[in-house]
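Input: a single structure, listed below in structure tokens.
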């Protein structure tokens, strides 16, 4: 392949790479639309690097600025604490014409609870024109921070000292489990989060779910006003069964919530105004991605028209095409390399694939970096993935160019083993405690898809059988040498890891208290548990990737006899 043809091939494949990124990020049409302000949104304006866990709270200026960003977006806000920087909310809300549902955060520390209640009462009495209702405690029973009797005493204390309607907020099921609470409040505040249900609900079924839950609670407490205090959908993170976290579903759910609530006369509050990175420490990526605006205060989606999955895809596409092109040109223009046309095209295509996979992983790793420690860890993961891409590109050049067979490259084998062990570990952690753990498909793109693409290139370009093309001990060696010890152990470990992924979904479902209450006998549970094994398509993809990563070790076993 001459130099001019090599440059032309690389340019064409780079253009195809950009086109593929554009197609994958094309606007998604949604038939739903709702262009009215929300009645209320959850307001906890933590900035990047701030967290209640470290007692680093938003400044008054930051609170005021963020409230200003909600003018026209929502008529009101719901707070979760009367302290921790939220003391300025009522005054700023008065200035902006925003109503407030103010709250006291209750936990396990009596002194903190006392200060929260005192601050809430003082604010409610100072700003009765702004604070329209108050909430005493949020998901206290869910977290098991206080017994219900102590919670009732706190509610009574506030109720006796303020003029506004008083409530307590929790997941809808906890109201049904503790019906005595209804006698203590002026209105019931329920959280309806289809994504977090013990039996997760697909976004397509969320409208029916919202109505069913609302009516169920209304039937249990006739005559009591109901506020849907939290309803939302995460825009990034792991899937839970049929509940998929992405921008499109986030937009679809919020539009559905607005439409259903208007049709049925429901009062609701969207969770939440802004992404909160600190929540990733407690709930994984999904915990940090519930905002209608991201951490940089950019609106994620509009309430009408199509939804754009990623507005930054042109930059990512350019990076992928650029990296792939550099690899391709470096490979094809090597002074000693003499490619046949088919081999040259294969190398150019493979390098573009590697460039796309490496950038895709890098984009994801950066998106999940919520603080300095995360950023450093992301850079390590990106560096290893790029290093593996370079190893694969070099191996392809040496294997497919018309050169003397190269010596074995043990770096590739070591990286294969590293990622194999990492995949086994990730699957084991999902099985042990997977509710808040990300499903790590995007962290294994190069070691799974990139390595497989290289093995297939060896098979069809060099005419090798699948064993010789895929075997770990030979895949990075162009000559007759090569072998790997421990292939049987790695193949067995990855096979068990592939089983652990879908099994983790069934285990998580079986542990749910609400699931057990709804299906008390094991015979009733079996169909749901079996369905959980395959209904999560992200977990299905992870299972398939783990099995593909086992192929080089299976081939090595076959080669060694």
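Here are some notes:
- Over all directions, the projected convex hull of the C-alpha atoms in segment 206-286 averages 6.1 nm² in area.
- Rounded to two decimals, the Cα-based Rg/Rh of the chain, with Kirkwood Rh, is 1.05.
- Sorting 468, 36 from the fewest to the most surrounding beta carbons within 10 angstrom yields 36, 468.
- Part-to-part distance (alpha-carbon centres) for segment 220-255 and segment 64-104, which is given in Å: 22
- Rg/Rg_ref, segment 37-287, where Rg_ref = 2.2 N^0.38 Å and atoms are Cα: 0.96
- Convex hull volume of segment 174-252 per residue (C-alpha atoms, cubic angstrom): 91
- The ellipsoid that matches the Cα gyration tensor of segment 13-129 has semi-axes, each √(5λ) in whole angstrom, of 38, 20, 13, with the longest given first.
- The alpha-carbon positions of segment 70-186 define a convex hull whose volume is 100 Å³ per residue.
- Take every pair of alpha-carbon atoms less than 8 Å apart whose residues are at least six positions apart; their mean separation over the length of the chain yields a relative contact order of 14 percent.
- Of all beta bridges that DSSP places with both ends in the chain, some 15 percent have antiparallel geometry.
- The angle between the Cα long axis of helix 247-264 and the longest principal axis of the Cα atoms of the chain comes to about 30 degrees, rounded to the nearest 10.
- In terms of Cα atoms, the Rg and Dmax of segment 297-436 work out to 18.9, 61 Å.
- FRET efficiency for residue 516 and residue 460, using Cβ-Cβ distance with R0 set to 51 Å, rounded to 0.05: 0.45
- Label-zone membership for segment 48-79, site residue 372, 7 angstrom Cα→C-beta point, backbone N under 12 Å: 49
- Dividing the mean sequence gap of close Cα pairs (under 8 Å, 6+ apart) by how many residues segment 37-287 holds gives a relative contact order of 19 percent.
- Relative to the dominant Cα principal axis of the chain, helix 341-367 is inclined by about 20°.
- Segment residue 304-residue 330, length gained on full extension (0.36 nm per residue, minus Cα span): 4.7 nm
- Hydrodynamic radius (Kirkwood) for segment 406-561, which is based on Cα pairs only, to one decimal in Å: 16.8
- Counting other Cβ atoms within 10 Å as a rough exposure proxy, the listed residues 360, 23, 233 run 23, 360, 233 from fewest neighbours to most.
- Measuring nothing but how far apart in sequence close Cα pairs (under 8 Å, 6+ apart) lie, relative to its length, segment 218-321 scores a relative contact order of 27 percent.
- Distance between modelled label sites at residue 267 and residue 211, nm, 7 Å Cα→Cβ extension: 2.2
Read the figures in this text as sums done on the coordinates, not as results from a lab. On a predicted model such as this, the values are computed, not experimentally measured, just so you know. Cβ: placed from backbone, ideal geometry, glycine included. Neighbour counts: every protein chain shown.
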